[in-house]
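Let me begin by presenting the structure, written as structure tokens, before commenting on it.
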Amino acid sequence: MLAAVYRRVGPSHEVLTVEEVATPEPGPGEVRVRVGLSAVNPTDWKSRARTATIPEAGFQIPNQDGIGTIDAVGDGVDPGRVGQRVWLYFCALERPWGSAAQYTVLPEERAVPLPGDVSDELGASMGIPALTAHRCLFADGPIDGKTVLVHGGGGAVGHYAIELAKWRGARVATTVSNDEKGELAKRAGADIVVNYREQDAAKELPDDVERVVEVAINQNLPLDLAVLGPNGVVSAYANGTLEQVPVRELMVRNILLRFVLVYTIPDEALRQAVEDTSQALRENVLTELPEHRFPLERIADAHDAVENGAVGKVFVEIP
């Protein structure tokens, strides 16, 4: 099969190549998927550039998310799943078979049935962004009637956090860095949109926030504390070193700082996130972001687009 691979970490144009590798076969409890579209997330370029451990196979195929059609199943998997259209998550988690290839093999629960009226682009956008947004929103209980602040409402996690929060009955405020992202946040359903580069966010945001979905805790913690009510929760899903933590203030106000890495959330939380995301897709709650498409031979450019902050979703087309 044709696949993008890298054999060491480093800059995209130095380590990523597109070549023929042996087509994998599904093992027990696994399915093989003919991939149609692979999505690129920040976690994908960061792993390729900095942190990946190359598997015993001697190469790593990048990208965790995508969509495709099951074409083979391993022992213990219902043969009726062959031909099923699915959205994919965690393709490359501790495995060489990322989604930037004509075929991927993964545990069957990571290939989730996709409703027929959902576009390839929307299905491929789920995975890391939607599951991360779900965990940040619901790790500490229901949010109906609560006020939620979503930082970075123009990004993929922020976009799906807004839509999932509105779906579950929350009032949603969001921060963005420019007007283009502000329009995306409004279309997602945010009740209050604040451009933090042009407005005083502490004055414009509500002062009774109960949950925060946080993309830059190292920058935003003072703002979060300014708008959080007592017993609030800040769920941070992106890395950022905190030089100082105001422990006394957090204790007095019973504010929780939660740190979220989607790969290691509890199994039951992950199952619930997948179930709820699938239900939201069936109910047409979730929407597409602007798309940037690259052919497989330009996989390095696709990774660079995400690293350089492309607004919307970056996809790799699989031939």
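Averaged per residue, what accessible surface does the chain expose to a 1.4 Å probe, in Å²? Working shown, then result.
On the way: 13620 Å² over 319 residues.
Each residue of the chain exposes 43 Å² on average to a 1.4 Å probe.
Pick from Leu114, Leu131, Leu261: which residue has the top mean-square fluctuation in a GNM of the chain where Cα pairs under 10 Å get a spring?
Leu261
Which whole-number percent gives the relative contact order of the chain, counting Cα pairs below 8 Å spaced six or more residues apart? Could you put the intermediate results ahead of the total?
Values: 734 pairs, mean separation 58.5, N = 319.
Averaging sequence separation for qualifying contacts and normalising by length gives 18 percent for the chain.
Amide H of Tyr196 versus every other amide H placed in the peptide plane: which residues, excluding those fewer than 5 positions away on the same chain, fall under 5 Å?
Sorted by chain and number, the residues that satisfy this are Val176.
Rank Ser235, Ser47 by accessible area, highest first, at a 1.4 Å probe radius?
Working: Ser235 0, Ser47 35 Å².
I get Ser47, Ser235, largest accessible area first.
Pairs of lysines 8 or more apart, or on different chains, with alpha carbons under 19 Å: count those in the chain, would you?
Numbers: Lys46/Lys313; Lys146/Lys166; Lys146/Lys186; Lys166/Lys181; Lys166/Lys186; Lys181/Lys313; Lys186/Lys313.
Here the count comes out as 7.
For Leu2, what charge total do you get from the other residues with a beta carbon under 10 Å from its beta carbon, if Lys and Arg give +1 and Asp and Glu give -1?
Details: positive: none; negative: Glu19, Glu20, Glu297.
Here the charged neighbours net out to -3.
Please tell me the relative contact order of the range 273-319 in percent, rounded to the nearest whole number, where contacts are Cα pairs under 8 Å and at least six residues apart.
Values: 39 pairs, mean separation 19.1, N = 47.
Value for the range 273-319: 41 percent.
Once neighbouring chains are kept in place and the probe is 1.4 Å, which whole percent of the accessible area of the range 147-234 is contributed by carbon and sulfur? Intermediate results must be reported in sequence, preceding the final value.
Numbers: 1450 of 3440 Å².
That fraction is 42 percent.
Between the range 144-220 and the range 1-73, what's the alpha-carbon centroid distance in Å?
Centre-to-centre (Cα) distance: 33 Å.
For the range 218-319, state the semi-axes of the equivalent ellipsoid (square roots of 5 times the eigenvalues of the alpha-carbon gyration tensor), sorted largest first and rounded to whole angstrom.
Values: eigenvalues 232, 84, 35 Å².
Over the Cα atoms of the range 218-319, the ellipsoid semi-axes are 34, 20, 13 Å.
I need the phi-derived Karplus couplings for the range 166-172: 6.51 cos²θ - 1.76 cosθ + 1.60, θ = phi - 60°, integer Hz, Gly and Pro marked x.
5, 4, 9, x, 8, 8, 10
Please list the non-local residues whose amide H lies under 5 Å from the amide H of Gly66, H modeled 1.01 Å from N, same-chain partners needing a gap of 5 or more.
Ala39, Leu88
With θ set to phi - 60° and the Karplus curve 6.51 cos²θ - 1.76 cosθ + 1.60, what are the ³J(HN,Hα) couplings of the range 214-224 in order, to the nearest whole Hz, using x for Gly and Pro?
10, 9, 8, 5, 5, 9, 9, 4, x, 5, 4
So what is the 222 nm mean residue ellipticity for the chain from helices alone, if each DSSP H run of at least 4 adds -39500 (n - 2.57) and you divide by all residues, rounding to the nearest 500 deg cm²/dmol?
Working: 11 runs with 94 residues, N = 319.
Result for the chain, helices only: -8000 deg cm²/dmol.
Express the carbon and sulfur contribution to the solvent-accessible surface of the range 1-122 as a percent, rounded to the nearest whole number, probe 1.4 angstrom.
Working: 2390 of 4910 Å².
Ligands and nucleic acids excluded, carbon and sulfur reach 49 percent.
Might you work out the accessible area of Arg85 for me, using a 1.4 Å probe with all protein chains in place, and round it to the nearest 10 Å²?
Its accessible surface works out to 60 Å², give or take rounding.
Counting only other residues whose beta carbon sits under 10 Å from that of Ser38, what net charge do I get with K and R as +1, D and E as -1? Provide the component values of the computation, followed by the final result.
Working: positive: none; negative: Asp44, Asp65, Glu317.
Taking every other residue near Ser38 into account, the sum is -3.
Quick one: net charge around Pro55, please, counting Lys, Arg +1 and Asp, Glu -1 for every other residue with C-beta under 10 Å from its C-beta.
Numbers: positive: Arg95; negative: Glu56, Glu94.
Around Pro55, the charge tally is -1.
Can you compute 3J(HN,Hα) from phi for each residue in the range 126-140, using the Karplus curve 6.51 cos²θ - 1.76 cosθ + 1.60 with θ = phi - 60°, rounded to whole Hz and x for Gly and Pro?
3J(HN,Hα) across the range 126-140, in whole Hz: 6, x, 4, x, 5, 5, 5, 4, 4, 4, 4, 6, 10, 4, 10.
I want to check the label-to-label distance for Glu249 and Asp144. Put each point 7 Å from Cα in the C-beta direction and report it in nm to one decimal.
Distance between the two pseudo-spin positions: 3.4 nm.
Looking at the chain, what % of the alpha carbon pairs are farther apart than 28 Å?
Details: 20111 of 50721 pairs.
The proportion of pairs with Cα distances above 28 Å equals 40 percent.
Any idea what the alpha-carbon Rg over 2.2 N^0.38 Å comes to for the range 129-271?
On the way: Rg = 13.9 Å, N = 143, 2.2 N^0.38 = 14.5 Å.
For the range 129-271, the normalised Cα radius of gyration is 0.96.
Only bridges with both residues in the chain count here: give the DSSP antiparallel percent, nearest 5. Mind dumping the intermediate values first?
Working: 30 of 57 bridges.
Around 55 percent of the beta bridges assigned by DSSP in the chain are antiparallel ones.
The values are calculated or read from the model by the stated rules, or taken from the named source; none is laboratory data. This is a predicted model, so every value here is computed, not measured. Glycine gets a Cβ as well: all are built from the backbone with ideal geometry, and neighbour counts include every protein chain shown. Ligands, DNA and RNA are stripped out before the accessible areas are found, and what is left, the full protein with its side chains, is counted by its heavy atoms. Shrake-Rupley method; radii C 1.70, N 1.55, O 1.52, S 1.80 Å.
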